[in-house]
Amino acid sequence: MSAGSHPLDDDLNALEDYQKEPYVHPLTCGHDSTHPLLEPIIMNNVLYLWCPECDYRQKVDSDLLAMARNTNAYYAKLREGGML
Ligand SMILES: [Zn+2]
């Protein structure tokens, strides 16, 4: 592990990639879906999805992470195969 990296960095990166994937419906604010897309943040060693507009916070659980990782892997495979 390189200096300054955090154990949750991989999880955070997976969610960032998911939010950038143009072929999925991104994760949006639980208060108002017209707010900007949720951003993954780490606070007090906990990973959240956070709304920059209203400070809505959703704790990221293992199901959500698995979904994001599976989705990212799926689209990575399609890109590798030249399908996208
Ligand atoms: Zn919001």
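We did not get these values from a lab; they are worked out from the coordinates using the rules stated. All values reported here derive from a predicted model rather than from experimental measurement. Positions of Cβ are generated from backbone atoms using ideal geometry, with glycine treated the same way; all protein chains shown enter the neighbour counts.
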Answer in debye to the nearest 20: the dipole magnitude of the chain about its Cα centre, from +1 Lys/Arg and -1 Asp/Glu charges placed on Cβ, is 200 debye
Between the modelled labels at TYR74 and LYS59 (7 Å from Cα along Cα→Cβ) the distance in nm is 2.7 nm
Semi-axes of the chain from the Cα gyration tensor (sqrt of 5 times each eigenvalue, largest first, whole Å) come to 22, 19, 10
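Quick check on the chain: helices-only [θ] at 222 nm, where DSSP H runs of length 4 and up contribute -39,500 (n - 2.57) each and the sum goes over total residues. Nearest 500, please. It would help to have the intermediate numbers written out before the result.
Values: 2 runs with 31 residues, N = 84.
About -12000 deg cm²/dmol.
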